[in-house]
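Reviewing the structure listed below.
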Amino acid sequence: MKVEELKQDIIQYSQSIGIDKIGFTTANTFTGLKNILMKQIELNYHSGFEEPDLDKRVTPALLLDKPQSIISIALAYPSKMRERVAGKKGERRGIFCRASWGEDYHHILRNRLQQLQDYIAEKVPDARFKFMVDTGELVDRAVAERAGIGWTGKNCSIITPEFGSYVYLGEIITNIPFAPDKPIEDRCGTCTKCMDACPTGALVNPGQLNAQRCIAFLTQTKGFMPDEFREELGNRIYGCDTCQTVCPENKGKDFHFHPEMEPNSEDVKPLLKPILKMSNKEFKQRFGRMSGSWRGKKPIQRNAILALAHFKDETAVDDLSDLMFTDPRPVIRGTSAWALGKIGGEKAKQELEKALTTEKDPEALEEIQKGLSFL
């Protein structure tokens with residue numbers, strides 16, 4: 001079978017297994033990308049979750065011997081819940097970002113990539129492959145851009161004409177020499193809505209993100225949330241969608257192609273107070289299938305405490321006081337103290353004054369003093 005025929009075959013097969021968009025590009029080094037990545041590290045704009053070897057991030061030949069092509073895929077995910085739940089006073093809810101709705105997208109994409117790889121291997125038995133999703137070495141967005149999946153928006157997301165930026169990305173490196181597809185022209189123009197709307201100013205330049213200021217990153221950290229970002233968090237307990245929801249290219253874009261991506265509204269917009277004292281087992285049972293659980297329960301619990309402070313939820317004072325005195329983790333004790341100060345009231349003040357005499361951890365003590373300073 002000729003390579004062009006094989007390519008058309010693969011495109012047809014990809015559609016039959018639920019791949020929403022597919023593109024092909026060369027396996028050449030991503031020239032210029034290494035300098036951009038180095039600059040991000042120098043400026044401390046990187047998240048630290050990335051592959052540390054920059055050469056592997058830009059050189060497919062370091063990941064597969066004599067590669068010829070990269071196949072890039074995109075799957076569209078929903079932007080709206082079909083079943084909604086509303087927060088009420090005393091029953092406040094947090095929110096997981098859309099990329100954490102449904103089953104963990106890493107599993108979904110790996111499944112599609114494996115099916116695609118197996119199909120090609122049947123046609124070309126001596127072909128070689130390496131596929132990856134998100135946590136792999138290559139920069140998914142750079143691959144997708146070069147393969148014509150979409151363009152890189154000012155919000156650093158790949159934006160597709162069909163699905164906006166609500167897509168998951170993955171790729172397969174192979175030694176089959178497919179003809180490359182053409183990149184798509186940038187359609188952002190002079191629009192800066194995403195940059196203007198970013199709550200923390202994390203989008204420092206068009207297409208340049210300071211991850212250390214990005215709420216999506218901050219919700220995944222495990223230590224104390226830096227003071228300047230605590231009130232910007234709102235009720236987000238994992239991720240942030242602001243730069244996507246304001247994007248004109250995403251207007252009216254909402255696709256429900258994949259049942260496993262459908263959100264359970266009670267899980268993606270959960271009641272906050274029950275999260276505070278969840279055991280590890282309860283957390284895994286409730287949230288374990290979602291990508292937003294990957295850092296464990298501590299960041300989610302800390303963010304839930306900050307969300308209760310955001311709502312000034314007086315019904316949470318007893319729960320937060322209990323955490324402040326009994327939780328073994330200084331970050332949870334201290335964050336609870338800060339939240340009590342933000343919520344305010346005589347009971348909160350009394351509890352904070354009492355904690356001042358019993359707390360031994362210096363960082364937690366500092367948070368208690370901060371809490372008292374608000375009263």
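Distance from the Cα centre of region 220-295 to that of region 325-373, in angstrom? Each part's Cα centre sits 26 Å from the other's. Two numbers describe the Cα atoms of region 33-125: Rg and Dmax, which are 19.8, 61 Å. Per-residue ellipticity at 222 nm, computed for the chain from helices alone with -39500 (n - 2.57) per DSSP H run of at least four residues, works out to -11000 deg cm²/dmol.
Simple rule: put +1 on each Lys or Arg Cβ and -1 on each Asp or Glu Cβ in region 28-138, find the dipole, and look at A121, S100, A74; the Cα lying farthest toward the positive end is S100.
Across q = 0.11, 0.20, 0.23 Å⁻¹, region 134-259 modelled as identical point scatterers on its alpha-carbon atoms has Debye log10 I(q)/I(0) values of -0.44, -1.24, -1.43, in the order of the q list.
Mean sequence separation of contacting Cα pairs (under 8 Å, at least six apart), scaled by the length of region 285-375, corresponds to a relative contact order of 27 percent. A crude spin-label estimate for the pair E282 and S373, with each label 7 Å from Cα along the Cβ direction, gives 3.3 nm.
Taking the chain as a Gaussian network, Cα atoms linked when under 10 Å apart, which of P299, P52, P206 shows the biggest mean-square fluctuation? Fluctuation is largest for P52. Each distinct pair of alpha carbons in region 303-348 adds a 1/r term; the inverse of their mean, the Kirkwood radius, is 10.0 Å. Each of W101, W294 was scored by other Cβ atoms within 10 Å of its Cβ. Arranged with the fewest first, they read W294, W101.
Taking 4.7 Å between C-beta atoms as the pairing limit, the chain has these partnerless cysteines: C97, C156, C188, C191, C198, C214, C240, C247. Where the alpha-carbon atoms of region 234-341 are placed on the principal axes, they occupy 47, 30, 21 Å, in descending order.
Rounded to the nearest 20, the Cβ-based charge dipole of region 110-198 about its Cα centre (Lys and Arg +1, Asp and Glu -1) stands at 60 debye.
Take the convex hull of the alpha carbons in region 216-262; its mean projected area over all directions comes to 4.8 nm².
Using a Förster distance of 30 angstrom, determine the FRET efficiency expected from the C-beta separation of S16 and T135, and round it to 0.05. After rounding to 0.05, the efficiency reads 0.65.
With the biggest extent put first, the Cα atoms of region 76-121 measure 57, 15, 11 Å across the principal axes. Placing +1 on each Lys and Arg Cβ and -1 on each Asp and Glu Cβ, with no other charges, gives region 169-228 a dipole about its Cα centre of roughly 60 debye. If you model the chain as an ellipsoid using its alpha carbon gyration tensor, with each semi-axis the square root of five times an eigenvalue, the axes come out at 43, 21, 19 Å, biggest first.
Using a Gaussian network model of the chain whose springs link C-alpha atoms within less than 10 Å, name the residue from Q12, Q117, Q68 with the highest mean-square fluctuation. Most flexible of the set in this elastic network: Q12. Each of M324, M261, M38, M278 was scored by other Cβ atoms within 10 Å of its Cβ. Arranged with the fewest first, they read M38, M278, M261, M324. Only the Cβ atoms of Lys and Arg (+1) and of Asp and Glu (-1) were treated as charged; on that basis the dipole of region 17-67 about its Cα centre amounts to roughly 160 debye.
How high is the relative contact order of the chain? Use alpha-carbon pairs under 8 Å, at least six apart in sequence, and give a whole percent.
Numbers: 690 pairs, mean separation 73.1, N = 375.
Normalised by residue count, the contact order of the chain is 20 percent.
For region 250-294, take the alpha-carbon Rg, divide it by the Kirkwood Rh, and send me Rg/Rh. It would help to have the intermediate numbers written out before the result.
Values: Rg = 13.3 Å, Rh = 12.4 Å.
Looking at region 250-294, the ratio lands at 1.07.
Projecting the Cα positions of F49, I237, G344 onto the charge dipole of the chain (unit charges on Cβ atoms of Lys, Arg, Asp and Glu, taken about the Cα centre) puts G344 furthest along the positive direction.
Just so you know, all these numbers are worked out from the coordinates, no wet-lab data involved. Computed from a prediction, not measured in an experiment: that's the story for all the values here. All Cβ positions, glycine included, derive from the backbone under ideal geometry; neighbour counts span all protein chains shown.
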